[in-house]
């Protein structure tokens, strides 16, 4: 029995945070010290399921870019 995992989860709260703060993927790529890519940020915002490792990289980059203290629950609904 094969279980299908939903991979497209719809726009995530990360997208709203970026828009509200006037940030783009470039802002997170520049802020990151862990080598994230524009594609990683775009996939995260669009709701593509990411590994916990990539989620953490996105979270840390956002917190560096904004000076915030966001958590994974603030960014992702899954």
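Computed from the coordinates by the stated procedures, all read-outs in this text should not be read as laboratory data. For clarity, every value in this text was computed on a predicted model and none was experimentally measured. In this analysis, Cβ positions are derived from the backbone assuming ideal geometry, glycine residues included, and neighbour counts consider all displayed protein chains.
Do we find that residue 19 is surrounded by fewer than 17 Cβ atoms within 10 Å (Cβ to Cβ) and either in a helix (DSSP H, G or I) or touching a residue at least 40 places away in the same chain (Cβ under 8 Å) (or both) in this structure?
Values: surrounded by fewer than 17 Cβ atoms within 10 Å (Cβ to Cβ): yes; either in a helix (DSSP H, G or I) or touching a residue at least 40 places away in the same chain (Cβ under 8 Å) (or both): yes.
Yes.
Determine the pairs where a residue that is without any contact (Cβ under 8 Å) to a residue 40 or more places away in the chain, located within region 29-42, has a partner that is assigned to a helix (DSSP H, G or I) and exposed (fewer than 14 other Cβ atoms within 10 Å of the Cβ) with Cβ atoms under 6 Å apart, the partner being 6 or more residues away or on another chain.
Listed by first residue and then by second, the contacts come to 29/38.
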